[in-house]
């Protein structure tokens, strides 16, 4: 059973699992807004920002990173039990991250090739999102997350309002910003048509294709995009790798990648 929301000053906990810390750094990049938030919220646990560690319960917990060890499994359950509202932030927490590539590889072989003493490692054969292990109240996608989106969702949670995630694709952000389509005009491979909005179409704004850092948007048609990009001359194996990328463990992207790999002669 999750902890109940406290009536007193709301308590915030920020927790890290397997990740690069980039999403937590986005929180620190809020700067002035973070200072204002600290006046209204008790930041009880945020090791990226402070050595202060206060036990739960927490009104809101932000969780970065994927689950990659048996201890991670235990710890994320502990965080869930102490949190009234839990938000998974970033590609690692919502889709396993780039480290999910171990899911389609021989982890034991990798350990032997990379580490002089692989027997010392305690690791799972998979990298999985937080939602595979506990109930998650909301997910914020991105690699890294959009700091404004994190602040907006967190404030809505503290006020008792439900989440209001972006539902459009990166293509819509391109259109609103007036960017030239890199697929149509440049013949480049771009994941924008199947990727959730939120980054501001950063890569297309620089004249290069989207890498799907924010994962698939609701209703994304991966096979249709794969067929379009294959028509540009991109080999099926390379297409599968694009869908296997940063958010490739998401079911919508994983199934598209598997279909491409099955049909790769």
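I'm trying to understand the selection: among the residues of the range 38-69, which are assigned to a loop (DSSP other than H, G, I, E, B) and surrounded by fewer than 24 Cβ atoms within 10 Å (Cβ to Cβ)? Outline the logic, then answer.
The initial filter retains those residues of the range 38-69 that are assigned to a loop (DSSP other than H, G, I, E, B), namely 41, 47-52, 54-57, 65, 68-69.
Within the range 38-69, 41, 47, 48, 49, 50, 51, 52, 54, 55, 56, 57, 69 qualify.
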Of all residues in the range 168-183, count the ones that are assigned to a loop (DSSP other than H, G, I, E, B) and under 24 Å from the mean Cα position of the chain (by Cα). 1
Inspect all residues belonging to the range 47-58 and state whether any of them is within 20 Å of residue 163 (Cβ to Cβ), modelled with pLDDT of 90 or more and touching a strand residue (DSSP E or B) at 6+ places or on another chain (Cβ under 8 Å). yes
Residues of the range 14-33 satisfying the condition of being crowded, with 18+ Cβ neighbours inside 10 Å, in a helix (DSSP H, G or I) and either touching a helix residue (DSSP H, G or I) at 6+ places or on another chain (Cβ under 6 Å) or without any contact (Cβ under 8 Å) to a residue 12 or more places away in the chain (or both): 23, 26
Considering the range 134-150 alone, what residues qualify as being surrounded by 17 or more Cβ atoms within 10 Å (Cβ to Cβ), over 14 Å from the mean Cα position of the chain (by Cα) and at pLDDT 95 or above? 134
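For the range 225-239, give me the residue count where each residue is farther than 24 Å from residue 92 by Cβ and either in a loop (DSSP other than H, G, I, E, B) or in contact (Cβ under 8 Å) with a residue 24 or more places away in the chain (or both). Spell out the reasoning first.
First pass over the range 225-239, keeping only residues farther than 24 Å from residue 92 by Cβ: 226-237.
With either in a loop (DSSP other than H, G, I, E, B) or in contact (Cβ under 8 Å) with a residue 24 or more places away in the chain (or both) added as a condition, the list becomes 226, 228-229, 231-237.
Qualifying residue count, the range 225-239: 10.
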Is it the case that the range 154-174 has a residue that's at positive phi, out of contact with any helix residue (DSSP H, G or I) (no Cβ under 9 Å at 6 or more places or on another chain) and at pLDDT below 95? yes
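The values are calculated or read from the model by the stated rules, or taken from the named source; none is laboratory data. Model, not experiment: these values are computed from the prediction. No Cβ is skipped: glycine too gets one built from the backbone with ideal geometry, and neighbour counts run over all protein chains shown.
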